[in-house]
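Trainee: Input: one structure, supplied below.
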């Protein structure tokens, strides 16, 4: 993922400002770009989608547990009222 992004950025950079990049060797420029990209804490689409699925399952579980808790509270309240 990072290699493809770096390659794309390098190409775009050379196209946009060819005079300033001509002074820097391609390896040095590539190294700088790779370093900058890695510092961005990017994730791949696959990783993002996987985390999104985990979040969705967690949210569904939370809603289910909240519904169960509400039902148990109602049962407890009803049982308390019957004992009085």
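Trainee: Which one of these is within 24 Å of the chain's Cα centre (by Cα) and at pLDDT below 80: 9, 55? If you could, list the steps in order and put the result at the bottom.
Mentor: Numbers: 55 fails: at pLDDT below 80.
Matching residue, one of 9, 55: 9.
Trainee: Does residue 83 satisfy the condition of being modelled with pLDDT of 95 or more and outside the structural domain of residue 8 (by TED's automatic domain parsing)?
Mentor: Numbers: modelled with pLDDT of 95 or more: no; outside the structural domain of residue 8 (by TED's automatic domain parsing): yes.
Against the criterion (modelled with pLDDT of 95 or more and outside the structural domain of residue 8 (by TED's automatic domain parsing)), residue 83 does not qualify.
Trainee: Among 46, 34, which is the only one that is farther than 14 Å from residue 3 by Cα and either at pLDDT 75 or above or not assigned by TED's automatic domain parsing to the domain that holds residue 3 (or both)?
Mentor: Within the list 46, 34, the selection yields 46.
The values are calculated or read from the model by the stated rules, or taken from the named source; none is laboratory data. All of these numbers come straight from a predicted model, not from anything done at the bench.
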